[in-house]
Amino acid sequence: MRIGMVLDHEFPGDIRVENEIIALENAGFEVFIICFDFGIGSTVEYFHRTKIVRIKINKSIKKKLQALTNTIFNFYPKYWAKKINKFIDNYKIDVLHIHDLYMFGAGILIKEKYKRKILLVGDLHENYVEGLKKYQFSNTFPGKFLISIPKWEKSEIEWIHKLDYAITVIEEAVDRYESLGLDRRKFSVVANYVNIDEYLKILNAYEVRKDMSLFTATYLGVFDTHRGLESVVRSIPFIKKSVENIKFVLVGRGKNLESLKKMAGDLDVLNNISFEGWQPHEKLPAYINASDICLIPHLKTVHTDNTIPHKLFQYMLFEKPVVATNCNPIQRIVEETKCGLIYENKNSYQFAEAVIKLYNSESLRQQMGTNGKKAVMEKYNWTTTSENLISMYQIIGEDIKK
């Protein structure tokens, strides 16, 4: 069986997609991926045994086309459907595995316009519709006037209903889709758990020296208002009263970076923060390793209550206590495994209390670190969750044979 993955980003570089491809290859499936190329590179190359077919496009044009999806200027699905139709012919694809909700329309066009008798798998990385309520492009001109959230809510249900199979990242998301009237039997949960073998391979790719005189709290990820970093910065004056040697290491970039720096300056805590900027994926394990505790300060929303970040399990694998907000899946896993402390999102005082509590108890930090690693080794790892992916494709193989 030949699986054609559709991704409207550059590849490699997406951990989830890389893990899925490796798992499918190891299970004996042939995988091909069609994706974008924003720079200068070869047209076709390989990731492991998977052939990568690249479409050259200007990144800013891509962003505009994507943002206009499901508006009166709905050109993106038609553009992709033409590319996918050729991709199917060239590589004799049996199943289309399409990543992200806003791309599903292209797959549906393949079946309805091009009359392809092909199975569609939709991979829901996140609650995209809820994300639209927060994203900058959908809340500023012209997106603010062109993008209709009610239309997207309706389309989400219609498009998923037309899929043959769907994948989500967490059980809570399946509950949500069932509440919207969709059949939960359509869904498989393939979570963003850490691929232990692959992640440990890059452990020594870079070195980040730990200053043993500092108590280091690390955040990895995108900078945006819904990531909750403002509450972290606001907590620092309070934390400094008890933890004079506190150092927050914030790794990433995003639209609120400058406002965070300004807030830190206004609060006179710039010396307690290291803004590391964007770092290569291969360097992230070194940052985790050089930490005392690690952070997930995301705001609690419908979006974050229906997804799960990779970094939680990466932190756990390296035996780092986690301080995280009360987003449903994160709270469930942290409390179940006893790998960290949960605080109410946006509550800087509760966050500060959690940091101080961990600072004051090395034994608690060690126990939580041990608990987290044990949970990842036994349950929250890619090998375990990829069984759902493989099982789904084995069922699909039987469907194709009928």
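All of the numbers you see were taken from the coordinates with simple rules; none came from a lab. Every value quoted in this text rests on a predicted model; they were computed, and no experiment measured them. Cβ sites come from the backbone with ideal geometry, for glycine too, and all protein chains shown count toward neighbours.
Apply 1/(1 + (r/R0)^6) to the Cβ-Cβ distance of Leu364 and Gln136, taking R0 = 41 Å, and write down the FRET efficiency to the nearest 0.05.
Numbers: r = 39 Å, r/R0 = 0.95.
Between Leu364 and Gln136 the formula returns 0.55.
With the charge dipole of the chain set up from +1 on Lys and Arg Cβ and -1 on Asp and Glu Cβ about the Cα centre, the Cα lying farthest toward the positive end among the listed residues Leu200, Asn58, Leu299 is that of Asn58.
Starting from the Cα-Cα distance between Ile149 and Glu45, subtract it from 0.36 nm times their residue separation and give me the gain in nm to one decimal. All intermediate terms of the calculation are to be shown ahead of the outcome.
Numbers: separation 104, 0.36 × 104 = 37.44 nm, distance 3.82 nm.
Extending this stretch completely gives an extra 33.6 nm.
The modelled label-to-label distance between Ala205 and Asn271, using points 7 Å beyond Cα along the C-beta direction, is 3.5 nm. For Glu258 and Trp278, what does the FRET efficiency come to when R0 = 22 Å and r is the distance between their Cβ atoms, rounded to the nearest 0.05? Using R0 = 22 Å, I get an efficiency of 0.90.
Helix 382-401 axis versus longest C-alpha principal axis of the chain: approximately 10°, rounded to the nearest ten. Distance between the 7 Å Cα→Cβ label points at Asn347 and Glu112: 4.6 nm. Using a cut-off of under 20 Å, list every residue of the range 115-131 whose amide N is near the label point 7 Å from the Cα of Ile395 along the Cα-to-beta-carbon line. From the range 115-131, the list is 118-126. Candidate values [x] 21.8, 69; [y] 20.8, 61; [z] 19.2, 59 were compared with Rg and Dmax of the Cα atoms in Å computed on the shown model; the agreeing label is [x]. Within straight-line reach of Lys56, meaning a Cα separation under 19 Å, sit the following lysines at least 8 residues removed in sequence or on another chain: Lys64, Lys78, Lys82, Lys83, Lys86.
If packing is taken as the mean number of other Cβ atoms within 10 Å per residue, what is the order of 76-88, 262-274, 224-236, highest first?
224-236, 76-88, 262-274
Comparing Cα centroids, the range 151-197 and the range 332-402 end up 20 angstrom apart. Per-residue 3J(HN,Hα) values for the range 151-164, derived from phi via the Karplus relation 6.51 cos²θ - 1.76 cosθ + 1.60 with θ = phi - 60°, read 5, 5, 4, 5, 5, 3, 5, 4, 5, 5, 4, 7, 5, 7 Hz in sequence order (x marks Gly and Pro). In this simple spin-label model, placing a label point 7 Å from the Cα along the Cα-to-Cβ direction at both Leu180 and Tyr79 gives a separation of 2.4 nm.
The value for the range 198-378 of Rg(Cα) / (2.2 N^0.38 Å) is 0.95.
What order do you get for 202-212, 249-259, 186-196, 321-331 when each peptide is scored by the mean count of other beta carbon atoms within 10 Å, highest first?
Details: 202-212: 12.3, 249-259: 16.8, 186-196: 21.5, 321-331: 23.5.
Per-residue Cβ counts within 10 Å, averaged per peptide and sorted highest first, yield 321-331, 186-196, 249-259, 202-212.
For Lys240, the lysines whose Cα comes closer than 23 Å to its Cα, not counting residues fewer than 8 places off in the same chain, are Lys210, Lys261, Lys262, Lys320, Lys346, Lys357.
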